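Working notes, beginning with the structure itself.
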Amino acid sequence: MTQQCLGPNSFLPRATLRRSAVALLASSSLFVPSLPPATAAVSRSSQAAPRELIPNYGVIWEGRLTRSGQPRNPEGWEWLRRRGVKSVVDFRTEADDTGPGFEHVLWLPFTSHDLPTDGHAEEFLAFVRDPRNWPVHIHCKRGKDRTGVMAALVRYAIDGWSLERALAEARTYRRGGKDLAPRHVAWLRRWAAGHAPGADRDRPIPSGRDTVSLNHRRAGRFRGRPARSATP
């Protein structure tokens with residue numbers, strides 16, 4: 001790909017400059033991957049994972065974002081790698097057992113009594129929005145509460161779903177359609193009270209200390225534990 005650079009010392013006619021700028025904008029837009037349509041719905045059947053390998057697997061954005069519980073064995077991690085997963089977000093507080101072979105691992109551990117901060121929520125949303133991290137897989141232990149509330153956050157903040165619709169989808173991953181943990185739901189409702197639906201969809205990806213630099217790091221929680229590595 002070639003690019004034309006117009007610097008301050010380029011003395012071109014004004015009309016030529018306008019045409020060049022329009023051409024550059026048009027060509028650059030072709031190389032910016034877009035997020036899925038805001039109406040995209042989760043799929044539990046597309047590329048369905050064997051239950052003996054990965055519990056509660058589902059697709060949020062086809063080819064870009066998936067969810068589940070903790071893979072049960074090394075074969076589960078290998079199943080994800082074979083499907084091109086590049087990045088992993090882990091919400092568990094347990095020690096690292098993420099298999100090797102992923103380029104980026106963001107550790108954002110939380111519990112019902114130690115919930116994410118607003119900063120952690122924004123860091124997570126920036127991570128899953130960044131096309132350099134796609135495909136991303138998010139998981140906790142069982143793929144129900146912690147993964148459910150963060151998937152609902154994606155649906156609300158990026159896809160622009162109503163909070164009730166996002167929570168209804170999250171309940172489909174719980175036996176009998178039970179509600180998520182009350183403190184998780186309360187946290188999400190509080191966060192949503194200060195953010196409009198879809199507010200994060202078109203927010204610029206952070207530059208400088210971008211989300212790719214989060215490789216193998218934790219999101220500022222449980223500081224007494226060592227940062228994790230995704231490489232052997």
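Here are the numbers for this structure:
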quantity	calculated
Selection status of THR231, modelled with pLDDT of 95 or more, surrounded by fewer than 13 Cβ atoms within 10 Å (Cβ to Cβ) and either under 18 Å from HIS120 (Cα atoms) or β-branched (Val, Ile, Thr) (or both)	no
Test: residue in region 14-23 that is surrounded by 14 or more Cβ atoms within 10 Å (Cβ to Cβ), in contact with a Leu (Cβ under 8 Å, 6 or more places away or on another chain), among the polar types (S, T, N, Q) and at pLDDT 95 or above	no
Qualifying residue in region 93-105 (condition: outside any strand (DSSP E or B), β-branched (Val, Ile, Thr) and either at pLDDT below 50 or touching a strand residue (DSSP E or B) at 6+ places or on another chain (Cβ under 7 Å) (or both))	yes
Residues of region 108-135 satisfying the condition of being closer than 21 Å to LEU180 by Cβ and outside any helix (DSSP H, G or I)	LEU108, PRO109, PHE110, THR111, SER112, HIS113, ASP114, LEU115, PRO116, THR117
Members of region 191-209 that are under 20 Å from the mean Cα position of the chain (by Cα) and either at positive phi or part of a helix (DSSP H, G or I) (or both)	TRP191, ALA192, GLY198, GLY208
Among (1) under 23 Å from ALA193 (Cβ atoms); (2) in contact (Cβ under 8 Å) with a residue 60 or more places away in the chain, the one test that VAL88 misses	(1)
Counted residues, region 163-203 - those being touching a Lys or Arg at 6+ places or on another chain (Cβ under 9 Å) and more than 17 Å from ALA121 (Cβ to Cβ)	10
Search result, residues across region 139-169 that are of a type in the set (Lys, Arg), within 16 Å of the chain's Cα centre (by Cα) and more than 15 Å from VAL88 (Cα to Cα)	ARG155
Qualifying residue in region 155-168 (condition: touching a Phe, Trp or Tyr at 6+ places or on another chain (Cβ under 6 Å), surrounded by 14 or more Cβ atoms within 10 Å (Cβ to Cβ), under 19 Å from THR66 (Cα atoms) and of a type in the set (D, E, K, R))	yes
Matching residues, region 47-69, being assigned to a strand (DSSP E or B) and not basic (Lys, Arg)	GLY58, VAL59, ILE60, TRP61, LEU65, THR66, SER68
Residues being touching a helix residue (DSSP H, G or I) at 6+ places or on another chain (Cβ under 7 Å), assigned to a loop (DSSP other than H, G, I, E, B) and under 22 Å from SER34 (Cβ atoms) - total across region 136-165	2
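Rundown of residues vs (1) small (Gly, Ala, Ser); (2) crowded, with 19+ Cβ neighbours inside 10 Å; (3) within 23 Å of PRO74 (Cα to Cα), yes/no style:
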| position | (1), (2), (3) |
| --- | --- |
| GLY84 | yes, no, yes |
| GLU103 | no, no, yes |
| THR111 | no, no, no |
| PRO116 | no, yes, no |
| VAL128 | no, yes, no |
| LYS144 | no, yes, yes |
| ARG171 | no, no, no |
| ALA186 | yes, no, no |
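The values are calculated or read from the model by the stated rules, or taken from the named source; none is laboratory data. Keep in mind that what you see is a predicted model, and the values were worked out from it rather than measured. With ideal geometry, Cβ positions are generated from the backbone for all residues, glycine too; neighbour counts draw on all protein chains shown.
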